[in-house]
């Protein structure tokens with residue numbers, strides 16, 4: 001099998017493959033364990049880790065599609081309703097019938 005070597009940059013590389021790391025999580029590593037390991041790194045390696053994590057998060061957020069927005073069509077909402085002055089007056093009397101209340 002012959003390996004093809006190209007001078008073109010790999011545009012399919014993810015932040016994990018660019019750094020040579022895998023993104024598959026180890027099942028027994030907790031956040032506390034990861035933070036303890038990160039605290040043991042040199043300042044330069046901590047900066048590299050932050051750069052890697054920023055790229056990984058940016059890549060992950062770019063892949064997530066925005067939630068679809070539903071538009072509610074209200075055109076013609078009141079069409080076919082016959083609201084009269086008497087209906088409005090009756091609704092006002094019902095709403096204001098207990099006002100002002102003394103128990104509040």
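The values are calculated or read from the model by the stated rules, or taken from the named source; none is laboratory data. Note that the structure is a prediction, hence the values are computed from the model and not measured. Cβ coordinates were reconstructed from backbone atoms using ideal geometry, including for glycine residues, and neighbour counts include every protein chain displayed.
Check whether at least one residue in segment 27-34 is exposed (fewer than 10 other Cβ atoms within 10 Å of the Cβ), outside any helix (DSSP H, G or I) and either modelled with pLDDT under 85 or touching a helix residue (DSSP H, G or I) at 6+ places or on another chain (Cβ under 9 Å) (or both), and report yes or no.
yes
Residue count for segment 35-76, restricted to those that are in a loop (DSSP other than H, G, I, E, B) and out of contact with any helix residue (DSSP H, G or I) (no Cβ under 8 Å at 6 or more places or on another chain): 15.
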